[in-house]
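The values are calculated or read from the model by the stated rules, or taken from the named source; none is laboratory data. Keep in mind that what you see is a predicted model, and the values were worked out from it rather than measured. In this analysis, Cβ positions are derived from the backbone assuming ideal geometry, glycine residues included, and neighbour counts consider all displayed protein chains. With ligands, DNA and RNA removed, areas are computed over all heavy atoms of the protein, side chains included. Shrake-Rupley method; radii C 1.70, N 1.55, O 1.52, S 1.80 Å.
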Amino acid sequence: MADPSSYRPSPGQIPDSPGVYKFRDEHRRVIYVGKAKNLRQRVANYFQDLAHLHPRTRSMVTTAASVEWTVVSTEVEALQLEYTWIKEFDPRFNVKYRDDKSYPYLAVTLNEEFPRVQVMRGAKKKGVRYFGPYGHAWAIRETVDLMLRVFPVRTCSAGVFKNAARTGRPCLLGYIDKCSAPCVGRVTPEEHRELAEDFCDFMAGRTGTYIRRLEKDMAQAAEEMEYERAARLRDDAGALKRAMEKSAVVLADATDADLIAVAEDELEAALQIFHVRGGRVRGQRGWVTDKVEAVDTSGLVEHALQQLYGEERGDAVPKEVLVPALPEDTEAVSQWLAERRGSQVSLRIPQRGDKKDLMATVQRNAQQALGLHKTKRASDLTTRSRALEEIAEALGLDTAPLRIECYDISHLQGDDVVASMVVFEDGLARKSEYRRFQIKGFEGQDDVRSMHEVIGRRFKRYLQEKERTGEWDQAPSVSGEAPHPAQEAAAPTGPAPTGPAPTGPVPAPAFTPASPADEIEPREDDGRPKRFAYPPQLVVVDGGQPQVAAAQRALDELGIDDIAVCGLAKRLEEVWLPDDDDPVVLPRSSEGLYLLQRVRDEAHRFAITYQRAKRAKRIRTSPLDDVAGLGETRKQALIKHFGSVKKLRQATIEEICEVPGIGRRTAESVAVALAAAAPAAPAVNTATGEIMEEDDGGTS
C-alpha cells in the first residue's frame, strides 16, 4: 500500500485552470481519470488525511503511485478528454456501466445503393440509420412486417439480392408485394431510396402525414369506384396504425426525449433509459455499475451521459434529456451535448405533468433492475468466491488466485501446432487478455516441449515489461539466481540443456510470433494495458504431470518463484502439482473443480478454434497463389471476371489481358501457373462412373 504523501505534488505545481488528471499505480497503469474546473482544488482534496476520505477514494490513492494532469481551455474540452481517456485506458477505479445484453436496433443501410432494412446489434456503422434500441428482435420484425405493405423496402441479404438479380426472379417477398424488387428492376435505385427515406421518416415519428395521405387516396379511389385499390389502401392504413399501436403514446406533445433514472445503494447502481421519439417509447435499455469511486447521483448521471452519447452525432442525441439529478457542471455538459447534436439540447429535471409521471415509471424500472441484479449477483459472487477459496486451499496458496491463466496445446497429427492462453479474473473470463501462439522452436508433435516453449515465451515478455518499467533490480546471474531478462531471453525453449554454462554475451533468439496478438514490442509508457504485463497468481496447464513439470521448469529457468502451477488431466479430472507424485483429487461437487474445468475447457476451445482456422487457411490454396506479384485484389478480379478457375484456365492470354489491372506479362504468368496445376485427367466417381467436374469456387 502506497503512502499518498510520497507522490503528493506541491501546491504550486498544480495549475488552477480546468483540466483532466490521471492517477497511475506502481506499474504505470492508469487507475483513475477525473476532470475539474480547478485542478489545484480538486487534486489537493485527494491528499488530505486518509481518515477523512471515502473508503473507495482511500483505496484508490493508496493503490496509486503518481498523479499527473493535462490543462485544457474549457470545461467542455475537459469533459471530452475525460471520456476519451476513460475509454482508452479503462481505469479500474472509474465508474463503468455494464450493459446487461446486446440490444438490437432496427437499421436502414442508407450507405448502400439499394438500402436494406434489418436487425443490427453491436457497434454502429457510418451511413446507417438506427431506430431503437428494442428489448427483443422479434418486436422489430413484427413492426417491419406490418410496414412493408406500405414501404416495400428491400430486407434480403446481399447474397439473396445478387442471386435474384442474376436469375431475373425476385424472392417470395417480391411476389407478395412486400418488396419493391429492385433486384429485377421493378423500381429504379432512386425510387427505392425514396421508399427507404419514407420508411425512416415514419419510424422517426412523422406518422400522421402518411396515414392522412393513405386515407385521402382511399377516399378518392372509392369515389372513382376503384374498390379493389381502395380496399388495399384501407389495409395499408390499418397496418401502419397497428405498427403505431405497438408503442403507445406517452407524451402528447410529440416530444423527442431520453429519460434517465438511477437506482442505487452503497455498492452498486442501476440505470434505466427510455428513448421517446414522437411522443412514443421507441426503445429501452439498462446498465449496472459497481460504485468503485465515491460518486453521488449527479456523478452517476454525468458518467451515463458520457457513455450514452460519447459516440453519437446528430439526431441520435435528442432535443431533451430528462434526468433525476443535474451533473455538477450542468452548463458544460449541456454545451457538450449541443455540440454533438448540432443544436440546443435541454438537460433538466422534470417537475410536473406527463414527463414527471413517465420519469416515475422509468425509476420503477431502475429499482426493479437493481433488485434483480443483486439477486443474481449474490448467488454468482458467492459461488465464485467459494470456488476460488477451494482452489487456494487445495493447492496450498496463501491467497485466492484472483487471476488465473490456462494454457493448452492443439495440433492435427503434429501439423499446425498452436497454443492458447486464456485468462480468468475473479472467476470470470477476460477475453480481451486471451493470447495465441504458434510453436516455432521445433517441428513435429511434442506437447511437453510445446508447453515449455509457450510458458517461457509468455513470462519472458512479462520480465521484459518489469525491466522496462524499472521493477527488475536483480543482478544478472547464470549460477542459480534469477537471470536478468536480457540474458534469459536467449535461453532455449526446449528442455534444460546439460553441460557447462555458456559464457560471454548470448544473442537473443528470433521468435516468430503467431499474430499481432503474439508480438509484443515495448511501447511508450502511456498507461495503456500492456500485453503480458500482468502476472497471474495461478498457471493452469491442460495435461498431467509431464506438462506441469515442463511449465514449472520454464518458470524456474526465468527465476520466477511467486506463481503457482497446476495441471488438470482430462481422464479423471485430477489436479497435478509440480514435484508431487500423487494428484490432488477435488470432490466432484466442488465449485473449485468446476471453475478449473471451465478454465481448461475455454483454453481448449480457444486453441482448437485457432488450429482449425490455420488448417483451413493452409488447405484453401489456389494455383494463382504461385503467381509472383499477383495480389489478393487482382486474384478476385480474375475470378469475378471469368467466374471460376476452370474457365480462367480455358481463357487465352489476350482474354486474360482484358481484365482491368492485368498486363500481358502477368497474364502469361497466370496461364503458365494454371497450366502447371491442371489435372492430368478428369476425376471419376468409381461408384457411378460419373466424370467429376472441377470445382468452380476459385480454389483447387
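Cross-link reach is defined here as a Cα-Cα straight distance under 20 Å, omitting same-chain residues fewer than 8 places apart; for LYS646 the aspartates and glutamates meeting it are ASP625, ASP626, GLU632, GLU654, GLU655, GLU658, GLU668, GLU690, GLU693, GLU694, ASP695, ASP696.
Set the bar at 23 Å for Cα to Cα. Now go through LYS35/LYS374; LYS291/LYS355; LYS37/LYS87; LYS319/LYS356 and name every pair that lies beyond it. Correct reply: LYS35/LYS374; LYS291/LYS355. A simple spin-label model places the labels of ILE176 and GLU443 6.0 nm from each other, with each point 7 Å out along Cα-to-Cβ. Surface exposure of segment 1-153, expressed per residue as accessible area with a 1.4 Å probe, stands at 48 Å².
Surface analysis of segment 601-661 yields an accessible area of 61 Å² per residue, using protein heavy atoms and a 1.4 Å probe.
For the residue pairs LYS125/LYS431; LYS431/LYS614; LYS614/LYS635; LYS124/LYS647; LYS96/LYS431, the alpha carbons lie more than 29 Å apart in LYS124/LYS647. Extension gain for the segment LEU402 to LYS635, taken as residue separation times 0.36 nm less the Cα-Cα distance, is 78.9 nm to one decimal. Between GLU339 and ARG166, the FRET efficiency from the beta-carbon distance, with R0 = 51 Å, is close to 0.60. In the context of the full set of protein chains, residues of segment 264-368 present 42 Å² of accessible surface per residue (probe radius 1.4 Å, heavy atoms only). Here the gap between ARG615 and ILE653, fully extended at 0.36 nm per residue and compared with their Cα-Cα distance, gives a gain of 10.3 nm. Expressed as a whole percent, the accessible area of segment 27-87 that falls on carbon and sulfur atoms is 49 (1.4 Å probe).
Taking packing as the residue-averaged number of other Cβ atoms within 10 angstrom, the listed peptides 17-28, 210-221 run from highest to lowest as 17-28, 210-221.
Taking the accessible area of segment 266-323, probe 1.4 Å, and keeping the other protein chains in place, the carbon and sulfur fraction comes to 45%.
Scoring 424-430, 316-322 by mean Cβ neighbours within 10 Å over their residues and listing the highest first yields 316-322, 424-430.
Ligands, DNA and RNA left out, the accessible area of segment 383-436 computed with a 1.4 Å probe is 42% carbon and sulfur.
Here the simple spin-label model places points 7 Å from the Cα toward Cβ, and for ARG186 and ASP3 these points are separated by 8.1 nm. Note on THR209/ASP561: beta-carbon distance plugged into 1/(1 + (r/R0)^6) with R0 of 60 Å gives a FRET efficiency of 0.20.
Note on surface exposure: HIS52, HIS641 rank HIS52, HIS641 by accessible area, highest first, 1.4 Å probe. Highest mean packing first, where packing is the average number of other Cβ atoms within 10 Å per residue, the peptides 333-343, 541-551, 350-360 line up as 541-551, 333-343, 350-360. In this calculation the C-beta distance from GLU268 to MET225 is compared with R0 = 51 Å, giving a FRET efficiency of 0.15.
Run a plain Debye calculation on segment 585-664 (Cα atoms as equal point scatterers, no solvent) and give log10 I(q)/I(0) at q = 0.20, 0.24 Å⁻¹, rounded to two decimals, same order as the q list. Per q value, in the given order, log10 I(q)/I(0) is -0.92, -1.10.
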